[in-house]
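Everything on this sheet refers to the single structure shown next.
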Amino acid sequence: MGEKAVIVLHSGDMDKVYSALIIANGALAMGMEASIFITFWGLMRLKKGELEKGPLSKMNMMGLGRQMIKKRMDKANVVSLERLMSDFKELGGKIIACEMTMEIMGITKEDLRTEWVDEWGAVGTYIQEARDANITLFI
């Protein structure tokens, strides 16, 4: 069995979604397995057309902080979240969507980009995934 990284993405904040995808892509690039269990506000980024729309976690300033960070990221040639997700999936990354959270938040499978989701599950699915992981993170 190879090395594995498992990330819980609880937040839907732009910078935290970036962190999860950058770390997960890094793990995949280093030959590890990687999966992201997406729950609560993280699920909002799986909704159709919503991946790039999350607020900045600190100093959002009604969206102005987010705009400033995006300009700096563009200047530094940081790829989009859409590209990071595409790379993650192409490299064999696994997305698990939390069904319990979907029910609580009134999100249906039809609301989500189902082509990104590999598995629908709950806490038991996450525990099973993380049980043999070398790295586990909560973002």
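At-a-glance table
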quantity: Any hit, segment 83-98, residues being farther than 25 Å from Val123 by Cα, open to solvent by less than 60 Å² (accessible area, probe 1.4 Å) and not aliphatic (A, V, I, L, M); calculated: yes
quantity: Single residue of segment 99-122 satisfying the filter (of a type in the set (D, E, K, R) and either over 27 Å from Gly2 (Cα atoms) or assigned to a helix (DSSP H, G or I) (or both)) that is most open to solvent (accessible area, probe 1.4 Å); calculated: Glu103
quantity: Tabulated pairs, segment 35-59, first in a loop (DSSP other than H, G, I, E, B), second surrounded by fewer than 22 Cβ atoms within 10 Å (Cβ to Cβ) and of a type in the set (Gly, Ala, Ser), C-beta under 6 angstrom, 6+ apart or interchain; calculated: Leu56/Gly65; Met59/Gly65
quantity: Pair list, Cβ < 6 Å and 6+ apart or interchain, from segment 65-87 residues that are in contact (Cβ under 8 Å) with a residue 12 or more places away in the chain to residues that are assigned to a helix (DSSP H, G or I) and open to solvent by 60 Å² or more (accessible area, probe 1.4 Å); calculated: none
quantity: Selection count, segment 29-44, where residues are hydrophobic (A, V, I, L, M, F, W, C), more than 11 Å from the chain's Cα centre (by Cα) and either crowded, with 18+ Cβ neighbours inside 10 Å or at pLDDT below 95 (or both); calculated: 1
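The values are calculated or read from the model by the stated rules, or taken from the named source; none is laboratory data. Given the structure is predicted, the values throughout are model-derived calculations rather than measurements. We place every Cβ from the backbone using ideal geometry, glycine too, and count neighbours over all the protein chains shown. Each accessible area value is taken on the protein alone, full model and side chains, heavy atoms only, with ligands, DNA and RNA left out. Shrake-Rupley method; radii C 1.70, N 1.55, O 1.52, S 1.80 Å.
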